[in-house]
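Everything on this sheet refers to the single structure shown next.
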Amino acid sequence: MRVLLVNNGGSGSSEFSMTEARFPIGLGYLSAMLKQNGHSTELVDRFCDHDAWVEDVSQFDFVGVYTSTPCYKDALRILELLEGYEGPIAFGGPHASTFPLTIPPRVDYVVQGEAEYLINDLVEGKFPKGTIIRTQRIADLDALPRADYDLFLDRPRSYLWTTPFSSDRQPIFLFNSSRSCPYQCTFCTVRDIWGRLYSAHGAERVVDDIAYLKQTYEIAGVYFREDIFTADQKRVREISELLIERDLDIVCLARRGSTPAPITNSSSSWQGVAARGSTSERRAVASVCLISTTRRSRSSRSSKPAITPGRTGSRWRCP
Ligand code: B12
Ligand code: SF4
């Protein structure tokens, strides 16, 4: 079946800044599961390119929409765009997880939580329409296939390929290695969305995936953009050691406050904290920059990817 995956975020849909246009990795995981079952997938990312839409939606057998609360206005706009579409429509993502009852009945399936083990059954019509489905948390993330990065790179999109904390090397890919958080800060909604279980890919798997990205897309680094990359310090150390062994050239962003002691050897190192802004801003910003360098000099790097300007000022675009 042909599945259209849509990320909400059309112009004016959110009062928050919408400039950090990185790809929706959750849809990448769902796409990988769908492709494993022989389905094809296509992405419309309206957070990245606000007015993006498809020419003929009737060619798709199923439409799945990622919804967030700040951009929910656009999810409703997407329903308007889907007027006349006769196939099933599903809403998932953080808004569906936290506010399922706000979603209109036109949506056939509302999914709360992780959907890797559900998405194929949903697309293949194994659930009655008109249902809200809450999935169980996935404990073993390593059992999941790697996210489908081709979903984001099948055409030029205005993604941001840099981080403000790293050098200007590109592309830096968003990377997800864990879900939820073991802490309980009173102001934070992470558990409302994810529940109690903190799950994480093992170090080997993380580094295998990074190596794959380096080989396949010539990435310059990854941005661990997740609730708290440093929750399990043993895992962070293992990842660091493996990155050193594999001689990868990686820039990583993580959460402030629980960084492991620097790891160094003659060839590579986690080079510590680098945050922008004033000292008070730095305290407030929950990010740190961990840099692992490699033996190779910059000039020995192989052919560079195509460089063209994007909306966000980012230079790297998929070839
Ligand atoms: C990385 C990240 C980003 C990245 C990538 C966003 C993305 N769409 O993935 C960027 C920088 C672009 C971003 C932007 C924003 N983000 Co953000 N982001 C995150 C972060 C830290 C991790 C997301 C992630 O990778 N999760 C892991 C993947 C595997 O999970 P997932 O994406 O939720 O997908 C799974 C399920 O939700 C479900 N699912 C998802 N989509 C669908 C669709 C269907 C049809 C089905 C069936 C299932 C399904 O299955 C997926 C696989 O298990 C989360 C925190 C978090 N814990 O989730 C915040 C978070 C999602 N962001 C948040 C916010 C507020 C924003 C912005 C509004 C910020 C802004 N000022 O612009 C925008 C909105 C973007 C949008 N399209 O709506 C909030 C959303 C709260 C809410 N109630 O909606 C979160 C939860 C942070 C928080 N704790 O408050 N973000
Ligand atoms: S450490 Fe971060 S993700 Fe965890 S509960 Fe606190 S604010 Fe939320």
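The values are calculated or read from the model by the stated rules, or taken from the named source; none is laboratory data. Just so we're clear, the structure is a prediction, and the values are computed from it rather than from any experiment. Don't worry about glycine lacking a Cβ; one is built from the backbone with ideal geometry, like all the others, and counts go over all protein chains shown.
Can you confirm whether residue 16 is closer than 20 Å to residue 158 by Cβ, assigned to a loop (DSSP other than H, G, I, E, B) and in contact with a Phe, Trp or Tyr (Cβ under 7 Å, 6 or more places away or on another chain)?
no
Does residue 84 meet the test of being at pLDDT 95 or above, within 6 Å of ligand 1 (Cβ to nearest atom) and not β-branched (Val, Ile, Thr)?
It is false that residue 84 is at pLDDT 95 or above, within 6 Å of ligand 1 (Cβ to nearest atom) and not β-branched (Val, Ile, Thr).
Among the helices (runs of 4 or more DSSP H) lying completely within segment 129-220, list those that include at least 3 residues that are of a type in the set (A, V, I, L, M).
Ranges flagged: 203-217.
If a residue has to be modelled with pLDDT of 95 or more and surrounded by fewer than 17 Cβ atoms within 10 Å (Cβ to Cβ) to count, how many in segment 42-54 make the cut?
Number satisfying all stated conditions: 3.
Can you run down the residue pairs with Cβ atoms below 8 Å, 6 or more apart or on separate chains, where the first is in segment 1-15 and closer than 12 Å to residue 27 by Cβ and assigned by TED's automatic domain parsing to the domain that holds residue 46 and the partner is among the polar types (S, T, N, Q) and part of a loop (DSSP other than H, G, I, E, B)?
8/67; 8/68
Hey, could you check segment 141-200 for residues that are within 12 Å of ligand 1 (Cβ to nearest atom) and without any contact (Cβ under 8 Å) to a residue 40 or more places away in the chain and say which is surrounded by the fewest Cβ atoms within 10 Å (Cβ to Cβ)?
Only one residue fits best here, namely 187.
Quickly run through segment 182-220 and pick out the residues that are touching a Ser or Thr at 6+ places or on another chain (Cβ under 6 Å) and of a type outside the set (A, V, I, L, M).
Once the filter is applied, which keeps residues that are touching a Ser or Thr at 6+ places or on another chain (Cβ under 6 Å) and of a type outside the set (A, V, I, L, M), segment 182-220 yields 192, 194, 198, 201.
Among the residues in segment 75-86, are any more than 16 Å from ligand 2 (Cβ to nearest atom), in contact (Cβ under 8 Å) with a residue 40 or more places away in the chain and more than 25 Å from residue 193 (Cβ to Cβ)?
Within segment 75-86, none of the residues are more than 16 Å from ligand 2 (Cβ to nearest atom), in contact (Cβ under 8 Å) with a residue 40 or more places away in the chain and more than 25 Å from residue 193 (Cβ to Cβ).
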